[in-house]
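> Attaching a single structure in structure tokens format; questions to follow.
Any read-out appearing in this document is the output of simple, stated calculations on the displayed coordinates, not a laboratory observation. Since we're looking at a predicted model, the values are computed, not measured. As a convention, Cβ positions derive from the backbone with ideal geometry for all residues, glycine included, and neighbour counts pool all protein chains shown.
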């Protein structure tokens with residue numbers, strides 16, 4: 001959904017910002033729920049996969065210290081290389097965003 005409207009969430013210290021899509025199709029919601037509750041994976045693995053799944057579907061741009069990262073592949077690589085604090089910001093932003101835009105989606 002390249003033309004989907006986005007919302008920007010900025011970290012408290014202003015060093016990070018995520019631009020997140022405000023649209024999540026029903027099939028995507030179902031696929032996310034399946035990833036989150038995947039019985040074939042450990043609870044921890046399923047949770048991490050669910051975070052990545054939402055990140056891939058919702059994040060359009062991640063700006064860290066003024067340096068933007070865009071494109072699904074580059075964003076996912078950046079997430080996998082993120083520090084613990086950066087990952088915490090992403091998780092918190094996804095939770096906040098889901099609560100506001102997708103209250104029916106169980107945030108990770």
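> So residue 86 clears everything in (1) over 13 Å from the mean Cα position of the chain (by Cα); (2) over 20 Å from residue 28 (Cα atoms); (3) crowded, with 16+ Cβ neighbours inside 10 Å except one condition, right? Which one?
Tallying (1) over 13 Å from the mean Cα position of the chain (by Cα); (2) over 20 Å from residue 28 (Cα atoms); (3) crowded, with 16+ Cβ neighbours inside 10 Å, residue 86 fails exactly one: (1).
> For the condition surrounded by 15 or more Cβ atoms within 10 Å (Cβ to Cβ), without any contact (Cβ under 8 Å) to a residue 12 or more places away in the chain and either more than 10 Å from the chain's Cα centre (by Cα) or at negative phi (or both), what is the one hit in 81, 35, 46, 50?
From the options 81, 35, 46, 50, the qualifying one is 46.
> Here's something else I'd like to know. Just to check your reading of the model, which residue among 96, 69 is free of Cβ contacts under 8 Å to residues at least 12 places away in the same chain, surrounded by 12 or more Cβ atoms within 10 Å (Cβ to Cβ) and either touching a strand residue (DSSP E or B) at 6+ places or on another chain (Cβ under 7 Å) or under 15 Å from residue 48 (Cα atoms) (or both)?
69 is the lone residue from the list that is free of Cβ contacts under 8 Å to residues at least 12 places away in the same chain, surrounded by 12 or more Cβ atoms within 10 Å (Cβ to Cβ) and either touching a strand residue (DSSP E or B) at 6+ places or on another chain (Cβ under 7 Å) or under 15 Å from residue 48 (Cα atoms) (or both).
> A further question on this structure: Yes or no: residue 58 surrounded by 18 or more Cβ atoms within 10 Å (Cβ to Cβ), touching a strand residue (DSSP E or B) at 6+ places or on another chain (Cβ under 6 Å) and within 15 Å of residue 21 (Cα to Cα)?
In short, yes.
> Among the residues of region 1-51, which ones are farther than 21 Å from residue 99 by Cβ and in contact with a strand residue (DSSP E or B) (Cβ under 9 Å, 6 or more places away or on another chain)?
Within region 1-51, 2, 15 qualify.
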